[in-house]
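One structure is given below, encoded as structure tokens.
The values are calculated or read from the model by the stated rules, or taken from the named source; none is laboratory data. The shown structure was predicted, so the numbers you read here are calculated from the model rather than taken from an experiment. Methodologically, a virtual Cβ is constructed for each residue, glycine included, from the backbone with ideal geometry; neighbour enumeration extends over all protein chains shown. Just the protein is used for accessible areas: all its heavy atoms, side chains included, with ligands, DNA and RNA removed. Shrake-Rupley method; radii C 1.70, N 1.55, O 1.52, S 1.80 Å.
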Amino acid sequence: MNFKGTLIPIGGNEDKGIDTMEVNNLEFIGEGILARVVRESGGEDALIVVIPTASSIPDEVGENYLTAFGKLGCTNTQVLDLRKREESEFEPHIALIKKADCVMFSGGDQSEITKKIAGTTIHKILLDRYKNDSIVIAGTSAGAMCMSKEMIIGGSSKESFIKGAVAMGEGMSFIPDLIIDSHFIRRGRFGRLAEAIAIHPNLLGVGLAEDTGLVIKNGNSVEVIGSGMVILFDASKLKHNNQKILSDGAPMSISNLKTHILANGDRFNIKKRKIKVLPLDAPFV
């Protein structure tokens, strides 16, 4: 199925924070990625709606994005601060989502997004517009992780591929073919994404480094953007996977897990699992 909308999941960036816990940090995406969000949304006059629902400090996060988009010349950025589920049914909020050129979810706790928005009128409108309209849905950190159907809701970064180290839940289902993890390199989340893929080997695992994102067109064609790297886990050719037969706490093993490391400008096709990377002799930009 082709989708007219564009998804831009981003791995997060907490350089503006003072606390090591993600929910207590301001998310500020590097100008290069934000500029791409603006271009994909239609330019400086686009209506960009920032939803800081995932954050425990939504006022500060909302102001942060207003400032960031303002520096890029945007003239029509609004914050939709949904703190209760019933607020996703308010007519003024629904009207704003219906006319938005871009909706951007902030970082924090992805479960807060699903708790307050999933299944509501706003969610249904976003799903319909993503399928039939040229809307951009962007999200950083938690806002990126919630885009998948099978969503990581927690799990230790310290555990090395131990069954039960990752907790899964249902996300917003914008891109059901992926499982997305964020802050992937800095927080050492290899083990938990590997377990998530062992649980759902039919899906493609995506680990996003900070200040790194994807531009997903038609629900299938993907371009890597930003300054870091993207790790892909493709379990479609696994020869061994003992996840189902183990008890929680037991070390897991899988074999023939295909792994790709991609960077800015590289592309891949979700359905075909095809990778297109820049040639080795491409000029350095």
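Relative to the longest principal axis of the Cα atoms of the chain, the long axis of helix 31-41 makes an angle of roughly 70 degrees. When the trypsin sites (Lys or Arg not before Pro) in the range 181-285 are filtered for DSSP coil states and for at most 12 other beta-carbon atoms within 10 Å of their beta-carbon, the remaining sites are Lys237, Lys239, Lys271, Lys272. Sorted from greatest to least, the principal axis extents spanned by the alpha carbons of the range 62-192 come out as 46, 33, 27 Å.
Size descriptors for the range 131-177 (Cα atoms only): Rg and Dmax, in that order, 13.2, 42 Å. Kirkwood-type hydrodynamic radius, the range 126-205: 13.0 Å, calculated from all non-identical alpha-carbon pairs.
Kindly express, to the nearest 10 degrees and within the range 0 to 90, the angle between helix 190-199's C-alpha long axis and the longest C-alpha principal axis of the chain. Its long axis makes an angle of about 80 degrees. With the gyration tensor restricted to C-alpha atoms of the chain, the semi-axes of the equivalent ellipsoid amount to 29, 21, 18 Å, longest first. Protein heavy-atom surface of the chain, 1.4 angstrom probe: 51% of the accessible area is carbon and sulfur, with nucleic acids and ligands not counted.
Estimated from the Cβ-Cβ distance and a Förster radius of 22 angstrom, the FRET efficiency linking Glu86 and Ser134 is about 0.15. Distance from the alpha carbon centroid of the range 222-240 to that of the range 132-194 works out to 13 angstrom. What the Kirkwood sum gives for the range 132-285 is a hydrodynamic radius of 15.9 Å, with every pair of different alpha carbons counted.
Which one, Ala194, Ala54, Ala46, has the greatest fluctuation when you compute a Gaussian network model over the chain with C-alpha springs under 10 angstrom? Top of the fluctuation ranking is Ala46. Contact order for the range 142-198, expressed relative to its length and based on alpha carbon pairs under 8 Å spaced 6+ residues apart, stands at 43 percent. The relative contact order of the chain, computed from alpha carbon pairs under 8 Å that lie at least 6 residues apart in sequence, is 19 percent. Derived from the Cα gyration tensor, the three semi-axes of the equivalent ellipsoid of the range 104-160 are 24, 12, 10 Å, largest first. Each Lys and Arg contributes +1 and each Asp and Glu -1, all at the Cβ; summed about the Cα centre of the chain, the dipole is approximately 1340 debye. The angle between the Cα long axis of helix 58-71 and the main principal axis of the chain comes to about 80°, on a 0 to 90 degree scale.
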